[in-house]
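Chemist: Shown below is the structure under consideration.
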Amino acid sequence: MKRRLIIPLLAATLLLLSLWGCAGQTDSAEDTEEAEQDLIVVGVCQVGAESDWRVANSESIKAVFTEENGYELLFEDAKQKQENQISAIRKFIQQKVDYIVLMPISETGWDSVLQEAKDAGIPVIMVDRTVDVEDESLYTAHVGSDFEAEAEMAVAWMEETYGDDQVNIVHIRGTLDSTAQLGRTKVLEEAVEAHDNWSILTQLDGDFTQPKSYEVMCEYLSRGDQDIHVVYCENDNEAYGAIEALEEYGYTCGEGGVAVISFDATKTCLTLCLEGKIALAVECNPLLGELVEEVIQTLEAGGTAARETYAEERCFTREDLTEAFIAERAY
């Protein structure tokens with residue numbers, strides 16, 4: 001469904017005056033034309049606002065899908081609940097939107113509602129995470145990050161940093177069954193299996209939030225002194241909570257102490273990396289609005305959108321950063 005924005009355009013004729021003979025006058029005439037601008041209606045269902053990354057991701061979407069750019073944006077915050085996301089999708093179907101953009105909280109449980117969207121003829125675009133469905137035609141495209149490639153950067157850094165030394169790892173996982181958690185966990189676990197000198201001391205569930213990560217890390221540290229070399233956090237906010245807990249229990253984060261690895265690389269994370277408290281910041285780019293728009297514009301033109309579109313990403317250590325670089329960063 002495309003909603004119409006009516007813009008009246010007035011056209012006036014010029015008054016012609018005769019300068020000769022009798023004072024004849026041409027009647028003025030006024031023509032009115034209407035130009036129609038199609039607004040593409042996009043329904044966006046966001047996970048929530050649980051992290052700095054998520055807030056930046058939402059802002060990126062809202063900045064692109066504006067009336068000025070030719071869109072009507074319907075935005076739903078699911079508040080970290082899959083049932084809210086499913087309800088939002090059904091609401092978008094009833095509203096007959098042109099496109100549905102979904103940031104799925106987990107990979108499973110989507111077959112029925114996505115079939116409803118397909119039956120309604122509404123393309124669904126996955127953003128950030130993706131889904132595990134029997135029929136992959138239930139969604140049109142995925143725009144986001146290659147989470148396994150991100151984790152491989154972290155593993156490569158650990159290999160280079162520690163060599164043959166023993167590496168004891170505390171692993172703080174993100175929201176279980178989300179694509180980011182599955183990818184970052186899979187690569188770490190496979191790397192531990194491949195390295196006889198690597199060991200996971202514990203796996204804690206931080207749910208991508210600072211308070212939960214602080215809580216579970218404190219509970220673990222309260223059991224007594226632990227010989228921790230690396231804390232592998234699956235997003236920035238988990239790293240903040242872990243650092244807070246570690247320092248409360250007398251651990252040093254940084255050179256000569258615990259190496260904290262984080263994923264996202266938002267400004268606050270990079271500041272902590274420059275200060276030395278975060279050893280490695282792996283970028284997960286939240287600014288996906290323009291890439292989503294490229295998919296929609298391809299479909300609007302009758303083309304076939306790429307099945308996967310990945311944002312460009314890199315990783316940072318203290319040596320890679322300056323205050324000026326961080327200040328200029330968009331997120």
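The values are calculated or read from the model by the stated rules, or taken from the named source; none is laboratory data. Every value quoted in this text rests on a predicted model; they were computed, and no experiment measured them. Note that each Cβ is placed from the backbone with ideal geometry, even for glycine, and that neighbours are counted across all protein chains shown. Accessible surface areas use protein heavy atoms only, side chains included; no ligands, DNA or RNA. Shrake-Rupley method; radii C 1.70, N 1.55, O 1.52, S 1.80 Å.
Chemist: Over what distance in Å are the Cα centres of segment 219-254 and segment 103-147 separated?
Modeler: 35
Chemist: Same structure, new question: Just ILE200, ILE243, ILE100 to compare: in a GNM of the chain, with alpha carbon springs under 10 Å, which one fluctuates most?
Modeler: Sorting by GNM fluctuation, first place goes to ILE200.
Chemist: Now for a different question. Apply the Karplus curve 6.51 cos²θ - 1.76 cosθ + 1.60, θ = phi - 60°, to the phi angles in segment 281-294 and return the couplings in whole Hz, x for Gly and Pro.
Modeler: With coefficients 6.51, -1.76 and 1.60, one gets 10, 9, 6, 10, 6, x, 7, 9, x, 5, 5, 5, 4, 4 Hz.
Chemist: Of the listed values [x] 75, 42, 36; [y] 107, 48, 31; [z] 103, 44, 32, grab the one calculated as Cα extents along the principal axes in Å from the structure here.
Modeler: It is the one labelled [y].
Chemist: Under the rule of -39500 (n - 2.57) per DSSP H run of 4 or more residues, summed and divided by the residues of the chain, what mean residue ellipticity at 222 nm is obtained, to the nearest 500 deg cm²/dmol?
Modeler: Counting only the DSSP helices, I get -11000 deg cm²/dmol.
Chemist: Relative contact order for the chain: what percent, with Cα pairs under 8 Å and sequence separation of 6 or more?
Modeler: Once normalised by length, the contact order is 15 percent.
Chemist: If you line up the long axis of helix 82-94 against the longest principal axis of the chain, both from Cα atoms, how many degrees apart are they, to the nearest 10?
Modeler: Relative to the chain, helix 82-94 is tipped by roughly 10 degrees.
Chemist: Name the most mobile residue of GLU255, GLU238, GLU313, meaning the one with the largest mean-square fluctuation, in a Gaussian network model of the chain with Cα contacts below 10 Å.
Modeler: Maximum fluctuation in the GNM of the chain, among the listed residues, is at GLU255.
Chemist: On to the next question. To the nearest 10 square angstrom, what accessible area does ARG223 show with a 1.4 Å probe?
Modeler: ARG223 has an accessible surface of roughly 150 Å² with all protein chains in place.
Chemist: Please report the carbon-and-sulfur percent of the accessible area for segment 131-179; probe 1.4 Å, protein heavy atoms only, DNA, RNA and ligands left out. Working shown, then result.
Modeler: Values: 760 of 2040 Å².
Answer for segment 131-179 is 37 percent, counting heavy atoms of protein chains only.
Chemist: Please list, ordered by chain and number, the residues whose modelled amide H lies under 5 Å from the amide H of PHE208; skip anything fewer than 5 residues away on the same chain.
Modeler: HN-HN under 5 Å from PHE208: THR175.
Chemist: For the chain, what is the accessible area per residue in Å² when the probe is 1.4 Å?
Modeler: 48
Chemist: Counting only other residues whose beta carbon sits under 14 Å from that of ALA78, what net charge do I get with K and R as +1, D and E as -1?
Modeler: +1
Chemist: In degrees between 0 and 90, to the nearest 10, how far off the longest principal axis of the chain does helix 210-221 point, with axes built from Cα atoms?
Modeler: 10
Chemist: Protein chains only, probe 1.4 Å: how do TYR214, TYR249, TYR139 rank by accessible area, largest first?
Modeler: Numbers: TYR214 65, TYR249 95, TYR139 15 Å².
Order by accessible area, largest first: TYR249, TYR214, TYR139.
Chemist: I would also like to ask the following. For GLY289, what is the net charge nearby, where nearby means another residue's Cβ is under 12 Å from its Cβ and Lys, Arg count +1, Asp, Glu -1?
Modeler: -4
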